[in-house]
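Student: Below: one structure in structure tokens.
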Protein chains: 2
Amino acid sequence: MIREFSRRQFLNAIGSAGGSAAVYQSALALGLLSTSHNVRASLKPVPEASKKVILLGAGLASLTSAYELERAGYECTILEASHRIGGRSLTIRGGDTVDELGYPQKCDFDKNKDLFFNAGPSRIPIHHHHLMHYLRTFQIPLEVFTNNNRNAWVHDTKAFGGKRMRIKQYTADARGFMAELSSKSLNRNDFDRPFTDNDFERFQAFLKSYGDLDENALYKGSSRAGYQSGGMITPAIKKTPIDFREILNSSFWEHRMHWAQSEDQSAPMLTATGGMDTIIDGFVDNIDSKILLNAQVQNVQLHEHSVSVSYRHEGQLKQVSGDYCFNSIPKHIMSGIPNNFPRDYQTALSSIPRGLLFKMGIQMNKRFWEDEDIYGGFSWSDQDIEQLWYPPHGLFSKKGIMIVYMFNDEATYRFGLLNPQQRLEKALHEAEAIHPDIRKYVDSAVSVPWHRMNHTMGCTAKWTPELRDQWFKRLQEPVGRHYMIGDQISYHPGWQEGAFGSAHFALSHLNARQHNEITTHVNAINHGQGA
Amino acid sequence: MIREFSRRQFLNAIGSAGGSAAVYQSALALGLLSTSHNVRASLKPVPEASKKVILLGAGLASLTSAYELERAGYECTILEASHRIGGRSLTIRGGDTVDELGYPQKCDFDKNKDLFFNAGPSRIPIHHHHLMHYLRTFQIPLEVFTNNNRNAWVHDTKAFGGKRMRIKQYTADARGFMAELSSKSLNRNDFDRPFTDNDFERFQAFLKSYGDLDENALYKGSSRAGYQSGGMITPAIKKTPIDFREILNSSFWEHRMHWAQSEDQSAPMLTATGGMDTIIDGFVDNIDSKILLNAQVQNVQLHEHSVSVSYRHEGQLKQVSGDYCFNSIPKHIMSGIPNNFPRDYQTALSSIPRGLLFKMGIQMNKRFWEDEDIYGGFSWSDQDIEQLWYPPHGLFSKKGIMIVYMFNDEATYRFGLLNPQQRLEKALHEAEAIHPDIRKYVDSAVSVPWHRMNHTMGCTAKWTPELRDQWFKRLQEPVGRHYMIGDQISYHPGWQEGAFGSAHFALSHLNARQHNEITTHVNAINHGQGA
């Protein structure tokens, strides 16, 4: 039960942990938030009063919120600072403008349905349930995304003489030698109870099978590495295993080798056919609310019964008021916009650093990688250009968009400092270690350093465990009638699912306070995830 | 240089290793066959004489041969025993007839582009170069095939209390415990030269990373197994690891766990959009030669300058003669058709056993697996129904075709003995261990035991190393003007690439003898496969 506050009570309340923290605490007590995989808001029709919501930002978190709010009878106004809808959900095509501060770019790709560059999210993990729900609702055409191409290349400047190697060869040999060495080291006496002799023998067999060892538990190469030759009309000849010490000296096993094992990168993954912006289109096509572009928020003021927002639009300062505000402005930007937030909330906003991220799309006039038996997925390098992506669609066609994708903060920062032409030059210079002839296939490129993109100025929120303890709940809870949303307010920053999750948390919370019912305000959906 | 034989010389020659064995030996001596990944025939225009080729069977080997022969000016006649083109390349749709001996079936699937059943080949390994060449030539629409779904289920009647488990959970825990136990057992003293202390430390780090171990090299669960809960708007909670002894007692690690590591099952794989018979259509659309269906070969006679074939068609016994014969009739069937082959060749034909294989397509009126976060790929069981496939296409639509796919000879034999209704009943009974409610979604099913299919009566040729030594070259070489072709005459039986390889070997051979040039008769194509 949410009680009404007097103005003084209200100000006191938002100065502390927030007037509606009780809702969150009760939901936790009910076990709904901590045990279910998914919390999707199930909004009741809005009461006659309190039905106007202002949404700041037109990324997925706001669009989802607007979509759900509209269906419950709320009136929504969406303000977006940039010239486009979608936030970091950005697919770039020929003719598009890339709004980087300092280096605005125009994309010169050919106009062709296959020649697009997902500069933001590009793949869909199956267990991202909110995302899958909306894809199903809007019937967005999907296809399988190749996130792990065992035929692509590993390149390590400090191993194998800098020579590229097929991922499958590296992996097969690494597994083989690991199993061989482990098998040699195993000693029955090391295996105390509860392990039995039978367990010990089974484990030896396990290692043989795991590494594809011979009858003496030695690794002598494996067809898993790909054949050296033959195998069709002549006998197959296995590749000679690489020296395990070379593998140990390389860096691929430190984390990249296990990429496809990780929770969010695990096969199968999906992508939206024709570009990930079809997901944004799905929302836009199903939302009636006004989305005002080029509207930059100047001030956010919390009041007892409303929130008012000033913004600049077409040279004019304007104002809009609502019963509630859903705010997906990046925290580090919001902390610099004048407001009357409680001090600790404002401190929280400014305390979470924002990550760097760099992606570059390069139109190639020939899909030269297909001549190397590569169809989709990516090669890895220990240079700044960490991943080189090959398009998984448009197979056998003439041209294709390659993507350079880097995560490393320092590398990303270095690339961000260069101008677009210098970035391309540096990327090609490094890529030549994998594809010596790459230069001759380049048509044009655009680069997207997210930490330099106008109105975004950063990619994912960088939560450390300490920052989580200190500030996460404070920002997840509303302050009065104002909710921060977006992937930044989730345990999945940098993923669309984080944006959906945060939006649905806020929607559930709003619904509960509007209807004074907290026991039914979250809808735990069990997707049969448990074993 | 092939010299012309007198009739007696001819008969003597085909009674020994074959008159043109020299060509094969020379090609081997040139190193072309044993070192290249690929041999694709490059046929010169046919001389005016000797241009008529009879092709027996209308599977991929014959179709490829006809396609290439036509382009060099040969005249081809194709005789096919069954009512359809494609051989084991069979995609079944609603209304189709399944020509099983004893149990002819009609397919009752709905007529819908997504509701098809690839009863033969269904996936395309990237390194199958001949296949990829023709897919590119005919511009067959392709899509990524999910061959390894880490979200699908492992089911083992003898482990985990018979309870299904996500493949990713099994795999993450198996890797974790393997690495932990190996790390514990490792002893610096076990590592002789050339391993250094640094190598030893790197290997310990390798194991930690491989198994996702904690700072003490212990496995305490991993997000790679999927979360127990949370991870979006609440903290992620890891799953409790399963007992490693349970894993050791299970059978999944014996080979199924490593499925996606193997040469031909490795990601990424492709499939033909809309059904694999689009590949057959690609050939048929590009071949002018007459393909006579329902034409069953009765006799094959080798002559000095020709081959003559008798066949039954529409109740009549007919005969056709050609300068050459390309024969893809399954060996075990061909050995029972009257002929004048040399005795050893005939013995070779009858010496290679034919494998069993069973597939069943079941139309489900709901894609219930999508509610379990499964999109494509397959679950595994240690029961007779080894693999349960989920369609990778038509995501979010209403219905879908599941496939039961079994390799085990005994299981396949057992299923083959049952009638179609009993097969469905047994498959569903076993599948209930994975999907308890599966029965309520069944619309209809068709089953294809390849060892009982009319005019085929078997799946892949079963070559043992001993049989290879004894008979492979004998059958790969022509006998006079008669070539055996098909995946049966390859090191890749059961794969389309084996059929292509055998056809191109025969084509190269024919080309060389026709033009008396063996030094140029094979075209080694280097696909950049080496590292």
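Student: If you go through region B:290-331, how many residues are in contact with a helix residue (DSSP H, G or I) (Cβ under 7 Å, 6 or more places away or on another chain) and modelled with pLDDT under 95?
Tutor: Number of matching residues: 1.
Student: Also: If I ask for residues that are assigned to a strand (DSSP E or B) and over 16 Å from B:Tyr74 (Cα atoms), which ones from region B:289-303 would you list?
Tutor: Step one: of region B:289-303, the residues assigned to a strand (DSSP E or B) are B:290-292, B:296-302.
B:Leu292, B:Gln296, B:Val297, B:Gln298, B:Asn299, B:Val300, B:Gln301, B:Leu302 - these are the residues of region B:289-303 that are assigned to a strand (DSSP E or B) and over 16 Å from B:Tyr74 (Cα atoms).
Student: I would also like to ask the following. Only one residue in B:Arg312, B:Arg343 is in contact with a Gly (Cβ under 9 Å, 6 or more places away or on another chain), surrounded by fewer than 19 Cβ atoms within 10 Å (Cβ to Cβ) and basic (Lys, Arg). Which one?
Tutor: Values: B:Arg312 fails: in contact with a Gly (Cβ under 9 Å, 6 or more places away or on another chain).
Step by step, each of B:Arg312, B:Arg343 is checked, and only B:Arg343 is in contact with a Gly (Cβ under 9 Å, 6 or more places away or on another chain), surrounded by fewer than 19 Cβ atoms within 10 Å (Cβ to Cβ) and basic (Lys, Arg).
Student: Mind listing whichever residues of region A:482-500 are surrounded by fewer than 24 Cβ atoms within 10 Å (Cβ to Cβ) and of a type in the set (Phe, Trp, Tyr)?
Tutor: A:Tyr491, A:Trp495, listed by residue number.
Results for (1) among the basic types (Lys, Arg); (2) surrounded by fewer than 20 Cβ atoms within 10 Å (Cβ to Cβ); (3) more than 11 Å from every other protein chain (Cβ to nearest Cβ), shown as yes or no for each residue.
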residue: A:Ile362; (1), (2), (3): no, no, yes
residue: A:Lys366; (1), (2), (3): yes, yes, yes
residue: A:Asp371; (1), (2), (3): no, yes, no
residue: A:Ile374; (1), (2), (3): no, no, no
residue: A:Pro391; (1), (2), (3): no, no, yes
residue: A:Phe396; (1), (2), (3): no, yes, no
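Student: Quick one: in region A:445-488, which of the residues that are free of Cβ contacts under 8 Å to residues at least 24 places away in the same chain and within 12 Å of another protein chain (Cβ to nearest Cβ) is nearest to A:Met334 (Cα to Cα)? Lay out the reasoning, then the answer.
Tutor: Here is the first cut: in region A:445-488, the ones free of Cβ contacts under 8 Å to residues at least 24 places away in the same chain are A:464-466, A:468-469, A:472.
When the remaining residues are screened for being within 12 Å of another protein chain (Cβ to nearest Cβ), the result is A:465, A:468-469, A:472.
Values: A:Pro465: 22, A:Arg468: 19, A:Asp469: 21, A:Phe472: 16 Å.
Among them, the one singled out is A:Phe472.
Student: Same structure again: Would you pick out the residues in region B:139-148 that are touching a strand residue (DSSP E or B) at 6+ places or on another chain (Cβ under 8 Å) and either at the interface with chain A (Cβ under 8 Å from one of its Cβ atoms) or among the acidic types (Asp, Glu) (or both)? Full working, then the answer.
Tutor: Just the residues of region B:139-148 that are touching a strand residue (DSSP E or B) at 6+ places or on another chain (Cβ under 8 Å), to begin with: B:140-147.
Scanning region B:139-148 gives B:Leu142, B:Glu143, B:Val144, B:Phe145, B:Thr146.
Student: Scan region B:174-196 and tell me whether some residue there is in a helix (DSSP H, G or I), in contact (Cβ under 8 Å) with a residue 12 or more places away in the chain, basic (Lys, Arg) and surrounded by fewer than 17 Cβ atoms within 10 Å (Cβ to Cβ). Talk me through it step by step, then tell me what you get.
Tutor: We begin by selecting, within region B:174-196, every residue in a helix (DSSP H, G or I); these are B:174-185, B:188-190.
Then drop every residue that is not in contact (Cβ under 8 Å) with a residue 12 or more places away in the chain, which leaves B:174-184, B:188.
Narrowing the set further to residues that are basic (Lys, Arg) leaves B:175, B:184, B:188.
Checking the rest, the ones that are also surrounded by fewer than 17 Cβ atoms within 10 Å (Cβ to Cβ) come to B:184, B:188.
Within region B:174-196, one or more residues are in a helix (DSSP H, G or I), in contact (Cβ under 8 Å) with a residue 12 or more places away in the chain, basic (Lys, Arg) and surrounded by fewer than 17 Cβ atoms within 10 Å (Cβ to Cβ).
Student: Continuing with this model, one more query. State all residues of region A:304-335 that are in contact (Cβ under 8 Å) with a residue 12 or more places away in the chain and in a loop (DSSP other than H, G, I, E, B); if no residue qualifies, say none.
Tutor: Selection gives A:Glu304, A:His305, A:Ser306, A:Glu314, A:Asp323, A:Ser328, A:Ile329, A:Pro330, A:Ser335.
Student: Restricted to region B:234-248, and to residues that are in a helix (DSSP H, G or I) and more than 7 Å from chain A (Cβ to nearest Cβ), which residue is surrounded by the fewest Cβ atoms within 10 Å (Cβ to Cβ)? Reasoning before the result, please.
Tutor: Keep residues of region B:234-248 that are in a helix (DSSP H, G or I), which gives B:244-248.
Cutting the leftovers down to more than 7 Å from chain A (Cβ to nearest Cβ) gives us B:244, B:246-247.
Working: B:Phe244: 22, B:Glu246: 16, B:Ile247: 26.
Checking each candidate, the answer is B:Glu246.
Student: To continue, here is another question. On the basis of being facing chain A (nearest Cβ under 10 Å), assigned to a helix (DSSP H, G or I) and either under 14 Å from B:Ile329 (Cα atoms) or out of contact with any Ser or Thr (no Cβ under 7 Å at 6 or more places or on another chain) (or both), does B:Phe500 make the cut?
Tutor: Values: facing chain A (nearest Cβ under 10 Å): yes; assigned to a helix (DSSP H, G or I): yes; either under 14 Å from B:Ile329 (Cα atoms) or out of contact with any Ser or Thr (no Cβ under 7 Å at 6 or more places or on another chain) (or both): no.
For B:Phe500, the condition - facing chain A (nearest Cβ under 10 Å), assigned to a helix (DSSP H, G or I) and either under 14 Å from B:Ile329 (Cα atoms) or out of contact with any Ser or Thr (no Cβ under 7 Å at 6 or more places or on another chain) (or both) - is not met.
Student: Additional query: Please indicate, with yes or no, whether at least one residue in region A:386-396 is farther than 18 Å from A:Phe109 by Cα and among the small types (Gly, Ala, Ser).
Tutor: No; the residues of region A:386-396 include none that is farther than 18 Å from A:Phe109 by Cα and among the small types (Gly, Ala, Ser).
Student: Could you identify the single residue in A:Tyr134, A:Tyr170 that is over 19 Å from B:Thr146 (Cα atoms), outside the structural domain of A:Phe244 (by TED's automatic domain parsing) and not β-branched (Val, Ile, Thr)? Don't jump to the end; show me each part of the working.
Tutor: Values: A:Tyr170 fails: outside the structural domain of A:Phe244 (by TED's automatic domain parsing).
A:Tyr134 is the lone residue from the list that is over 19 Å from B:Thr146 (Cα atoms), outside the structural domain of A:Phe244 (by TED's automatic domain parsing) and not β-branched (Val, Ile, Thr).
Student: Restricting to region B:438-459, and then to whatever is out of contact with any helix residue (DSSP H, G or I) (no Cβ under 7 Å at 6 or more places or on another chain) and not in a strand (DSSP E or B), can you tell me which residue is surrounded by the fewest Cβ atoms within 10 Å (Cβ to Cβ)?
Tutor: Per the stated criteria, the residue is B:Lys440.
Conditions tested, residue by residue: (1) touching a residue at least 24 places away in the same chain (Cβ under 8 Å); (2) facing chain A (nearest Cβ under 8 Å); (3) assigned to a loop (DSSP other than H, G, I, E, B); (4) touching a Lys or Arg at 6+ places or on another chain (Cβ under 8 Å).
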{"residue": "B:Arg202", "(1), (2), (3), (4)": "no, yes, no, no"}
{"residue": "B:Leu207", "(1), (2), (3), (4)": "yes, yes, no, no"}
{"residue": "B:Gly221", "(1), (2), (3), (4)": "yes, no, yes, yes"}
{"residue": "B:Ser266", "(1), (2), (3), (4)": "yes, yes, yes, yes"}
{"residue": "B:Gly274", "(1), (2), (3), (4)": "yes, no, yes, yes"}
{"residue": "B:Asp281", "(1), (2), (3), (4)": "no, no, no, no"}
{"residue": "B:Ile287", "(1), (2), (3), (4)": "yes, no, yes, no"}
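Student: Which ones in region B:346-360 are assigned to a helix (DSSP H, G or I) and surrounded by fewer than 21 Cβ atoms within 10 Å (Cβ to Cβ)? Give the derivation first.
Tutor: Restricting attention to region B:346-360, the residues satisfying the condition of being assigned to a helix (DSSP H, G or I) are B:346-351.
B:Gln346, B:Thr347, B:Ser350, B:Ser351, listed by residue number.
Student: Taking region A:209-219 only, how many residues are on the phi < 0 side of the Ramachandran plot and more than 8 Å from chain B (Cβ to nearest Cβ)?
Tutor: So in region A:209-219, the residues on the phi < 0 side of the Ramachandran plot come out as A:209-211, A:213-216, A:218-219.
So of that shortlist, the ones also more than 8 Å from chain B (Cβ to nearest Cβ) come out as A:211, A:213-216, A:218-219.
Summing the residues that are on the phi < 0 side of the Ramachandran plot and more than 8 Å from chain B (Cβ to nearest Cβ) in region A:209-219 gives 7.
Conditions tested, residue by residue: (1) at negative phi; (2) of a type in the set (Asp, Glu); (3) in the same structural domain as B:Ile333 (by TED's automatic domain parsing).
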{"residue": "B:Ala431", "(1), (2), (3)": "yes, no, no"}
{"residue": "B:Ile438", "(1), (2), (3)": "yes, no, no"}
{"residue": "B:Val442", "(1), (2), (3)": "yes, no, no"}
{"residue": "B:Glu466", "(1), (2), (3)": "yes, yes, yes"}
{"residue": "B:Gln476", "(1), (2), (3)": "yes, no, yes"}
{"residue": "B:Val479", "(1), (2), (3)": "yes, no, yes"}
{"residue": "B:Tyr483", "(1), (2), (3)": "yes, no, yes"}
{"residue": "B:Pro493", "(1), (2), (3)": "yes, no, yes"}
{"residue": "B:Gly501", "(1), (2), (3)": "yes, no, yes"}
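Student: Can you tell me which of (1) more than 10 Å from every other protein chain (Cβ to nearest Cβ); (2) assigned to a helix (DSSP H, G or I) is the one A:Arg136 doesn't meet?
Tutor: The one condition A:Arg136 does not meet is (1).
Student: So, in region B:149-168, of the ones that are surrounded by fewer than 22 Cβ atoms within 10 Å (Cβ to Cβ) and assigned to a helix (DSSP H, G or I), which residue ends up nearest to the other protein chains (Cβ to nearest Cβ)?
Tutor: Restricting to residues being surrounded by fewer than 22 Cβ atoms within 10 Å (Cβ to Cβ) and assigned to a helix (DSSP H, G or I), the top hit is B:Phe160.
Student: Here is a check on your reading of the model: is A:Ile518 touching a strand residue (DSSP E or B) at 6+ places or on another chain (Cβ under 7 Å) and at pLDDT below 95?
Tutor: Values: touching a strand residue (DSSP E or B) at 6+ places or on another chain (Cβ under 7 Å): no; at pLDDT below 95: yes.
The answer is no for A:Ile518.
The values are calculated or read from the model by the stated rules, or taken from the named source; none is laboratory data. Predicted model, so just to flag it, every value in this text is computed and none were measured. All Cβ positions, even for glycine, are placed from backbone atoms using ideal geometry, and neighbour counts span all protein chains on display.
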